[in-house]
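Working notes for the structure below.
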Amino acid sequence: MTNGSGFDVILSGGYTGPALARESWRYTAPLGRFVDFGRKNVLKRAILDTIPLHQSASYLSYDILDLYGHKPQILAYLLKSAVTLFRKDPSVLVADAEVYNIADLESAVCSFSDSVLSSKKLIAYTASKKTLEVFPTAPTLRCSPDATYFMVGCLGGLGRSLTSWMTENGARHFAFLGRSGTDQEQARILVEGLQNAGIHCQVIRGDVASKEDVERAVASIPKEHPIRGVVQAAMVLRVYFLFYLQLISDN
Amino acid sequence: MGLGVTDLKVGDVVVVFAFDKFATFQSTSADLVQKVEKDEDVTKLASVPWSFAQAIYGLETLARVESDETVLVLSNTGAVGAAALKVAQTLSAKAFIVADSRPMLPRLLASLVLLASRSSFLPSPPRLVTTRI
């Protein structure tokens with residue numbers, strides 16, 4: 001068929017079987033080009049046997065979404081070329097498209113096939129009596145700028161990421177309850193950073209395991225900025241050998 | 001519509017590239033819009049860009065296919081593979097396609113039409129069943 005010299009150009013896709021792709025790559029002619037389109041799974045698609053490279057073959061991969069993201073001008077040219085090609089010769093379309101209403105999205109997706117013979121699926125945004133089930137957008141956190149958020153512990157790394165997330169979402173007042181207050185350098189840096197950003201921080205020294213300490217802390221929250229949320233992140237980490245654990249729990 | 005877009009007007013029927021998630025309203029660059037003329041079938045035209053843009057980019061832009069070169073389209077390449085056969089032909093290349101199985105051959109020939117001059121089988125592995133179109 002190619003007189004044993006292999007194919008000049010081979011087109012492969014993200015759903016082409018890896019065995020076929022690998023073997024075909026080996027059939028690439030000297031100075032041939034192996035073109036691979038679609039999403040790549042870097043873990044799966046190790047087709048790059050080096051033998052064809054010794055005969056100046058090239059492996060070229062692309063994804064249309066990357067063109068859209070990084071080289072839209074090329075995509076603009078391709079769109080124009082595609083439409084022009086079709087206008088010159090409408091018979092280039094081998095199968096009629098199947099049109100699905102947006103309400104039948106699910107069956108459209110299910111009917112999708114990688115076969116070269118498959119027809120194109122189109123989604124029509126026209127009125128329909130059916131309804132389309134959609135996942136609601138995940139709720140986003142909105143913190144009140146007038147409320148105090150009562151943070152138990154939270155003066156370490158976890159507190160840093162929590163407080164920055166909460167301030168991004170509107171929080172302006174924090175009260176931290178911790179046994180060592182801002183004695184730890186990391187805690188001090190965290191509180192100073194928040195204060196420099198205009199966030200009001202109150203640090204109360206106390207133990208969350210003591211009812212008295214907690215009541216005192218809650219009583220110290222200003223009335224005009226009542227507590228609207230509590231984050232319990234107090235914990236003590238100690239590393240022990242397993243056989244000591246029984247002793248610790250006994251104590 | 002953005003200022004400076006002169007060749008389109010509100011109400012035009014168009015085909016565009018806009019990769020959104022089924023949103024009812026989508027925005028994209030005017031460069032990625034092609035107008036559908038009054039006498040044209042929007043359903044047909046809408047099925048062109050996705051597959052043909054990829055086929056043209058792969059064969060013309062990247063591979064720079066020359067006339068009389070052999071082009072092999074592997075299986076499971078979907079509509080892009082079908083478009084690539086046509087693009088290869090417009091570039092005057094010799095196009096081949098891998099069929100998944102012997103029973104698929106008649107359907108391939110019937111659907112992809114054309115000058116079915118020969119079909120042949122390469123030895124395994126894997127069994128490459130190719131049809132010249």
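The values are calculated or read from the model by the stated rules, or taken from the named source; none is laboratory data. Just so we're clear, the structure is a prediction, and the values are computed from it rather than from any experiment. A quick note on method: Cβ atoms are made from the backbone with ideal geometry, for glycine too, and the neighbour counts reach across all protein chains shown. For accessibility, only protein heavy atoms count, side chains too; no ligands or nucleic acids. Shrake-Rupley method; radii C 1.70, N 1.55, O 1.52, S 1.80 Å.
Can you report the number of residues in segment B:49-107 which are outside any helix (DSSP H, G or I) and either at the interface with chain A (Cβ under 7 Å from one of its Cβ atoms) or touching a residue at least 24 places away in the same chain (Cβ under 8 Å) (or both)? Explain how you work it out, then say what you get.
As a first pass, look at segment B:49-107 and keep what is outside any helix (DSSP H, G or I): B:63-77, B:91-103.
From the residues that got through so far, the ones that are either at the interface with chain A (Cβ under 7 Å from one of its Cβ atoms) or touching a residue at least 24 places away in the same chain (Cβ under 8 Å) (or both) too are B:63, B:65-77, B:91-102.
Residues meeting the conditions: 26.
Kindly evaluate A:V208 against the criterion of being among the β-branched types (V, I, T), part of a strand (DSSP E or B) and at pLDDT 90 or above. Walk me through how you get there before you give the answer.
Numbers: among the β-branched types (V, I, T): yes; part of a strand (DSSP E or B): no; at pLDDT 90 or above: yes.
When the stated conditions are applied, A:V208 does not pass them.
Considering only residues that are buried (at least 16 other Cβ atoms within 10 Å of the Cβ) and at negative phi, which ones fall in segment A:180-193? Before you say what the answer is, go through the steps one by one.
Taking segment A:180-193 and keeping what is buried (at least 16 other Cβ atoms within 10 Å of the Cβ), we get A:181-182, A:187, A:190-191.
Hits for segment A:180-193 are A:T182, A:A187, A:L190, A:V191.
Taking interchain pairs and intrachain pairs at least six residues apart, which have beta carbon atoms under 6 angstrom, with the first residue in segment A:15-31 and at the interface with chain B (Cβ under 7 Å from one of its Cβ atoms) and the second open to solvent by 10 Å² or more (accessible area, probe 1.4 Å) and of a type outside the set (F, W, Y)?
Partner pairs satisfying both residue conditions: A:Y15/A:D114; A:Y15/B:N76; A:T16/B:N76; A:A19/B:P126; A:L20/B:P126; A:E23/B:P126.
Considering (1) farther than 30 Å from A:N101 by Cα; (2) under 27 Å from the mean Cα position of the chain (by Cα); (3) assigned to a loop (DSSP other than H, G, I, E, B), say which one A:R160 fails and leave the rest.
Unmet condition: (3).
Within segment A:211-251, how many residues turn out to be modelled with pLDDT under 85 and in a helix (DSSP H, G or I)?
In the first step, residues of segment A:211-251 are kept if they are modelled with pLDDT under 85; the result is A:234-251.
Remaining after also requiring in a helix (DSSP H, G or I): A:242-250.
The total comes to 9.
Determine which single condition A:L85 fails, assuming it passes every other condition in (1) at pLDDT 90 or above; (2) under 16 Å from A:V230 (Cβ atoms).
Failed condition: (2).
Suppose we filter B:A95, B:A84, B:A23 for residues that are modelled with pLDDT of 90 or more and either under 30 Å from A:G6 (Cα atoms) or open to solvent by less than 70 Å² (accessible area, probe 1.4 Å) (or both); which single one remains? I'd like the intermediate steps shown before the answer.
Details: B:A95 fails: modelled with pLDDT of 90 or more; B:A23 fails: modelled with pLDDT of 90 or more.
Exactly one residue qualifies, and that residue is B:A84.
Quick one: A:L141 ticks every box in (1) at pLDDT 90 or above; (2) open to solvent by less than 90 Å² (accessible area, probe 1.4 Å); (3) within 30 Å of B:A23 (Cβ to Cβ) bar one, so which box is it?
Unmet condition: (1).
Pick from A:A103, A:A127, A:A171: which is within 30 Å of B:K21 (Cβ to Cβ) and either surrounded by 15 or more Cβ atoms within 10 Å (Cβ to Cβ) or touching a helix residue (DSSP H, G or I) at 6+ places or on another chain (Cβ under 6 Å) (or both)?
Numbers: A:A127 fails: either surrounded by 15 or more Cβ atoms within 10 Å (Cβ to Cβ) or touching a helix residue (DSSP H, G or I) at 6+ places or on another chain (Cβ under 6 Å) (or both); A:A171 fails: within 30 Å of B:K21 (Cβ to Cβ).
Among A:A103, A:A127, A:A171, only A:A103 is within 30 Å of B:K21 (Cβ to Cβ) and either surrounded by 15 or more Cβ atoms within 10 Å (Cβ to Cβ) or touching a helix residue (DSSP H, G or I) at 6+ places or on another chain (Cβ under 6 Å) (or both).
Out of curiosity, is A:A171 over 30 Å from the mean Cα position of the chain (by Cα) and not polar (S, T, N, Q)? It would help to see each step written out before you state the result.
Values: over 30 Å from the mean Cα position of the chain (by Cα): no; not polar (S, T, N, Q): yes.
No: the conditions fail for A:A171.
Scan segment A:32-41 residue by residue and report those that are farther than 16 Å from B:A95 by Cα and either within 9 Å of chain B (Cβ to nearest Cβ) or among the small types (G, A, S) (or both).
Of all residues in segment A:32-41, those farther than 16 Å from B:A95 by Cα come to A:36-41.
Correct list: A:D36, A:F37, A:G38.
So, of the residues in segment A:18-44 that are in a loop (DSSP other than H, G, I, E, B) and surrounded by 18 or more Cβ atoms within 10 Å (Cβ to Cβ), which turns out to be modelled with the lowest pLDDT?
In the first step, residues of segment A:18-44 are kept if they are in a loop (DSSP other than H, G, I, E, B); the result is A:27, A:38-44.
If we keep only those that are surrounded by 18 or more Cβ atoms within 10 Å (Cβ to Cβ) too, we end up with A:27, A:38.
Details: A:Y27: 81, A:G38: 88.
By that ranking, first place goes to A:Y27.
How many residues does segment A:97-118 hold that are more than 8 Å from every other protein chain (Cβ to nearest Cβ) and outside any strand (DSSP E or B)?
Kept after step one, since they are more than 8 Å from every other protein chain (Cβ to nearest Cβ), are these residues of segment A:97-118: A:98, A:100-101, A:103-104, A:106-112.
From what is left, the residues that are outside any strand (DSSP E or B) are A:103-104, A:106-112.
Total satisfying the criteria: 9.
Against the conditions (1) within 10 Å of another protein chain (Cβ to nearest Cβ); (2) modelled with pLDDT of 55 or more, where does B:S119 fall short? Just the number, please.
Every listed condition holds for B:S119 apart from (2).
Output the residues belonging to segment B:41-66 that are surrounded by 16 or more Cβ atoms within 10 Å (Cβ to Cβ), out of contact with any helix residue (DSSP H, G or I) (no Cβ under 8 Å at 6 or more places or on another chain) and not small (G, A, S).
Across segment B:41-66, the qualifying residue is only B:L62.
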